[in-house]
1. Mind checking the dipole of the range 92-235: about its Cα centre, +1 per Lys or Arg Cβ, -1 per Asp or Glu Cβ, Debye to the nearest 20?
2. I want the antiparallel fraction of DSSP beta bridges within the chain, as a percent rounded to 5.
3. Find which of GLY151, THR126, ASN197 sits farthest along the positive direction of the dipole of the chain, computed with +1 on the beta-carbon of Lys and Arg, -1 on that of Asp and Glu, about the Cα centre.
4. Only sites in a loop by DSSP and with at most 15 other Cβ atoms within 10 Å count here; which trypsin sites (Lys or Arg not before Pro) in the range 139-228 make the cut?
5. Helix 117-133: angle to the longest alpha-carbon principal axis of the chain, degrees 0 to 90, nearest 10?
6. Considering lysine pairs in the range 5-139 that are 8 or more places apart or on different chains, how many have Cα atoms under 25 Å apart?
7. Would you look at the GNM of the chain, springs on alpha carbons closer than 10 Å, and say which of SER81, SER214, SER195 moves the most?
8. Which angle between 0 and 90 degrees, to the nearest 10, do you get for helix 149-158 versus the longest principal axis of the chain when only C-alpha atoms count?
Amino acid sequence: MLLSMIRVALAVYLGLGLILYLMQSKFTFQPTRELLYNPGDIGLEYEKVQLKTPDNLLLSAWYIPAKKAEFTILFCHGNASNMMHRLDTLNIFYELGVNCLIFDYRGYGNSQGKPTEEGVYIDARTAYDWLINEKKLSPENIIFFGRSIGGSVAAHLANNVEVKGLILESCFTSYADIGRKFYPYMPIKLLAKYSFNTFEYVKKLKCPILVIHSRGDEIIPFELGLRLYEQAANEPKEFLEIFGSHNEGFLHTGQAYRDGLKKWLESVKNYQQQMSAKIKLIS
């Protein structure tokens, strides 16, 4: 009887592992196609943009200009729904006086294709290239913003191009670390199809970094955000603690969230001026 119980338990364990492996892409990428709202519905002027990737996919994007903006944010959103569900954040950026380009990864919204890890990295680079080539922006005026899995996408991009600063909100250290949180009894490293190794991406960066996280985050533990800040991020860096759930923490935090972003943006501007002064002194 004991041997039979062990066999059943082992079969259940192996079966769960197989399900997790086969269903991994559905757990990781949860896009929706319907785009029912746009920035115009909340009173924002915007440009509807179509981006073409190097592998010939068309991506949907919105460019929202702000008056007298000095910085432009490239917004890499999370793994669920599409850019329609980020209107609240777009409005915050507009009120802070920064331009914003938000895009849908392949397979999200009206974007063609099917999401993969390498694919979303390509999509982010395509959006960046549009800002450089079409809007004629200098990297010195571009800031990457990534929320949740988008933080890993933004950090990866920052490793491959020039950028002024990076904001990581509600982000994790690596895909495997998140897997261990939900399935601590499974051999996650053996099962994981993806890397999304934000920790390693951030370690290599020298630009100003702002890490934002809530202790009440029910999906990505607060300690992972703290580890990104304390162990991976290089100076100059800041940490902004918010409160509330994973998806609505920035809304629950309200004005304190806006103030934290504003303060950091001002520090980036001052850092830029200080670096320019140092270069002049050296030359």
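Read the figures in this text as sums done on the coordinates, not as results from a lab. Everything quoted here is computed from the prediction, not taken from an experiment. All Cβ positions, even for glycine, are placed from backbone atoms using ideal geometry, and neighbour counts span all protein chains on display.
1. 300
2. Numbers: 10 of 36 bridges.
The antiparallel fraction comes to roughly 30 percent.
3. Toward the positive end, the furthest listed residue is ASN197.
4. Details: sites: ARG147, LYS164, ARG180, LYS181, LYS189, LYS193, LYS203, LYS204, LYS206, ARG215, ARG227; in loops: LYS164, LYS193, LYS204, LYS206, ARG215.
Loop-located and lightly packed - LYS193, LYS204, LYS206, ARG215.
5. 10
6. 14
7. Looking only at SER81, SER214, SER195, the biggest GNM fluctuation is shown by SER195.
8. The angle comes out near 50 degrees.
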